[in-house]
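To start, the structure itself, in structure tokens.
Bear in mind these aren't lab numbers, they're just calculated from the coordinates by the rules spelled out. Keep in mind that what you see is a predicted model, and the values were worked out from it rather than measured. Quick reminder, even Gly has a Cβ in these numbers, built from the backbone with ideal geometry, and neighbours come from all protein chains shown.
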2 protein chains.
Amino acid sequence: MLSRLSQSIEPFHVMEIVKQADQLQQQGRDVIHLSIGEPDFPLPEPVAQALTQAIGAGKTRYTAALGLQELRETIAHFYDSRFGATVSPGQVVITSGASTGLMYACLALINPGDEVLLCDPGYPCNKTFVQTAGGVVRTIQVSEDNNFQPTLAEVQEAWTPKTQGILLASPSNPTGTRISSNVLNDIVDWVATQGGFIIMDEIYQLLCYGSQPRTLLSQSPSGQTRDHCVVINSFSKYFGMTGLRLGWMVVPEALLTPIEKLAQNLNICPSTPAQWAALACFKQETLDICEARRAAFGNRREFLLRELPNVGLHAGSNPDGAFYVYAHAPYGSSQYCSDLLQTQAVCTVPGKDFSQKEGEAMFRISYANSLERIEQALQRMGQFNCREI
Amino acid sequence: MLSRLSQSIEPFHVMEIVKQADQLQQQGRDVIHLSIGEPDFPLPEPVAQALTQAIGAGKTRYTAALGLQELRETIAHFYDSRFGATVSPGQVVITSGASTGLMYACLALINPGDEVLLCDPGYPCNKTFVQTAGGVVRTIQVSEDNNFQPTLAEVQEAWTPKTQGILLASPSNPTGTRISSNVLNDIVDWVATQGGFIIMDEIYQLLCYGSQPRTLLSQSPSGQTRDHCVVINSFSKYFGMTGLRLGWMVVPEALLTPIEKLAQNLNICPSTPAQWAALACFKQETLDICEARRAAFGNRREFLLRELPNVGLHAGSNPDGAFYVYAHAPYGSSQYCSDLLQTQAVCTVPGKDFSQKEGEAMFRISYANSLERIEQALQRMGQFNCREI
């Protein structure tokens, strides 16, 4: 009775290790989580206040399927003020988390049998979104030498007559790396010549270190329009609204009606109080809080990258965004992460969720935990690695 | 570049008439809405309080994909205490509204090309859920004589070798009618003999009048198991949590792992504060509030059914659930509903969203509005109908 789709979805291997971690914790072990993709900060206070106020004011009824007009306008304005990018409010679609945005984009763009390019390593759910739409995943094996991001040549090589588009993520999960503007522009322009689409995951956009955040929606130097591009974003990571399940997408005009119909049919609307709360995200006082948090993430990242070699570990490439370091495992990462958890009570994530091919060679360290805990974890990792190697 | 799926979805015609209603309102007209599928009551106070408390306590982080264990246990217990039905907490899946439950059920059960039976008239989005999974919709034209619910003979007649299952709704939208227990049991048993599945929409379950609420999950008289049935429910209608986007499903054990993988991949988790708030739904004080509201709906229903003939209108069948009356339109319902709106500022919904075949003959009146407003609306409808007929 089970559909082939539901049988083909890989379980998250990370859940296994997190279950083991929970068991250890129940046994009284002090487990340090460097595992999850969730900021360790609470809701920014102005956002929590706006949420409570919305509830008090009875703002708990359905909204339009595409979201509150005020929020769509605020987001459009933010693209202008923050990135100098021109986005009309009509192009902004509020979604129940970036997940729903990825779903709408895939359902609106992919026909059964269409090939879609995904990068390996990458976010494991992307494969499921493509397959749910009936698409066939073609993988680009991205290289550490290129910052775990695709080059134009790799895209061109992977593209076949059946390929309809590509999904990119910058900063990327699990690698924390960003694609360079030049390469991205070249890919965007070339994909346009093929009549293909680009789905661009920018959910970690505002969490980057060392250089300014970017968006695909900025004007292309070639003047090429972005009508073949869909941008996905989220209130979860930078704004810390994970459990409120809210995100947004920016879509070309031609996609608006199809996506409105999908949204009406498949979800009715995103969470109403979450939408009212999200309006507070763009207040200066919230942005100040989030920038201070970004600075904290930046310090942790710097510490981690400096100390990893001292415990016998090496980060892959230059992780300058998100809150992940994708590191080389001393031996098979499934076993290594399990050993690290069992002996040192440090929970990291083996690579096989993110990469079919190289997953055993790598593991993901999340620095969504306090500097103090990260220091402790590194000490423990050092003890383990020095004993083993 | 648009997928065939996204092009094939019908727009909601109701949106057109609601837009017209908005325009009239902006022109200063006093529009009475008998149009929407949303209770006119605010959040029950204990639910609003629980929601605010959850936010204050920082319960805004991701939960498990299947939902909070406490909530799953509470719902399982409610099936026992309210319906005497045995449901284990492990079978309960918390979803982002019933919409997401319908989506998971379809994706878990339907392969591309599988036929699925839907009733006409019915909830228009059901077709989209089936099609998103690649399924092919086969329609059972249900009859007013049978309370707009299918008979076993109709199901048997519509079933082909390609048919894999059927979606039922009781009480149904737009008709407000329920399927009789006997017919339902016969259908459930017969579909089991065909190796098929049943997706049962019970989102209006607790909103019924004149006789007790029922669930498919009660023991079948034949002793037939219910392992081929998925039940969909919602916190939106009876508990008034529409904009919080929360629902649940009860699934057979065999579906749990596939649906957990779908949930992890496609949504991460349902809204966390909404889940904590939903726990308060099952407190006696909340149930008392909701029962008082049900009584208010019951009074409106009674008034409406009594008065409709006096304004020249006739309800189809016996609408003893939800908050809808599906009535015969004096002439083509698209034109009739438009005329009623333009001349009398009463907004109802033409039937074509709900029925391909008979839609023009019928229209939907929602009594999710105060008795006073319903009285006013009926006066206006009487003026219009007496003038026209």
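Quick notes on this structure:
- Across the identical copies, how the B:Asn146 labels are spaced - nm, sorted shortest first, 7 Å along Cα→Cβ: 5.9
- Amide H within-cut-off set for A:Trp248, under 5 Å, with H built and near neighbours excluded: A:Thr95, A:Asn233, A:Ser234, A:Phe235
- Contact order, relative form, for segment B:254-328: 15 percent (alpha carbon pairs under 8 Å, 6 or more residues apart, mean separation divided by residue count).
- Choice from B:Ser236, B:Ser366, B:Ser222 showing the highest fluctuation, given a GNM over chain B with Cα pairs closer than 10 Å: B:Ser222
- Projecting the Cα atoms of B:Leu184, B:Ala278, B:Gly223 onto the charge dipole of chain B, computed from C-beta unit charges around the Cα centre, puts B:Ala278 farthest toward the positive end.
- Spatial offset of segment A:164-229 relative to segment B:314-389 amounts to 50 Å, using the alpha carbon center of each.
- In the frame of its principal axes, segment B:66-171 has Cα extents of 42, 32, 24 Å, reported largest first.
- For the pair segment B:247-308 and segment A:11-67, the centres of their Cα atoms are 22 angstrom apart.
- Label-point distances for B:Gln25 to the equivalent site in the other copies, using a point 7 angstrom along Cα→C-beta, read 4.5 nm when ranked shortest first.
- Take every pair of alpha-carbon atoms less than 8 Å apart whose residues are at least six positions apart; their mean separation over the length of segment B:232-389 yields a relative contact order of 18 percent.
- Measuring r between the beta carbons of A:Leu371 and B:Lys19 and using R0 = 51 Å, the FRET efficiency lands at 0.45.
- Estimated inter-spin distance, A:Ser222 and B:Ser8, nm [label 7 Å along Cα→Cβ]: 3.4 nm
- Taking all Cα pairs closer than 8 Å and separated by 6 or more residues, the relative contact order of chain A comes to 25 percent.
- For segment A:45-282, the dipole from Cβ point charges (+1 on Lys and Arg, -1 on Asp and Glu) about the Cα centre works out to 680 debye, to the nearest 20.
- Residue exposure sequence - B:Ile203, B:Ile140 - by fewest surrounding Cβ within 10 Å: B:Ile140, B:Ile203
- Helix content alone sets the calculated 222 nm mean residue ellipticity of chain A: runs of n ≥ 4 DSSP H residues at -39500 (n - 2.57) each, divided across all residues, give -13000 deg cm²/dmol.
- Backbone amide hydrogens, once placed in the peptide plane, bring B:Val87 within less than 5 Å of B:Asp80, excluding anything fewer than 5 places away on its chain.
- Using a Förster distance of 51 Å, the FRET efficiency for A:Gln383-B:Gln212 (Cβ separation, nearest 0.05): 0.20
- Hydrodynamic radius of segment B:45-282 by the Kirkwood approach over all distinct alpha-carbon pairs: 18.1 Å.
- Number of partner chain Cβ atoms within 10 Å, mean per residue of B:94-100: 4
- Check: segment A:230-325 dipole with +1 on Lys, Arg Cβ and -1 on Asp, Glu Cβ, in debye: 200 debye
- Whole-number D in µm² s⁻¹ for segment A:254-331, Kirkwood Cα-pair radius fed into Stokes-Einstein, 20 °C, 1.002 mPa s: 130 µm²/s
- FRET efficiency estimate (nearest 0.05) - Cβ-Cβ, A:Thr139 to A:Asn182, R0 25 angstrom: 0.60
- Remark: segment A:68-144 carries a charge dipole of roughly 80 debye about the Cα centre, counting +1 on each Lys and Arg Cβ and -1 on each Asp and Glu Cβ.
- The calculated P(r) of the protein assembly as shown, using every Cα pair and 10 Å bins from 0, goes 3, 14, 23, 26, 19, 10, 4, 1, 0, 0 in percent.
- Spin-label pair A:Gln342/B:Lys162, simplified geometry with 7 Å Cα→Cβ offset, distance in nm: 5.2 nm
- Label spacing, shortest first and in nm, from A:His77 to its equivalents in the remaining copies (7 angstrom along Cα→Cβ): 4.7
- Within the listed set A:Ala21, A:Ala158, A:Ala57, the Gaussian network model of chain A (springs between alpha-carbon atoms below 10 Å) gives the highest mean-square fluctuation for A:Ala57.
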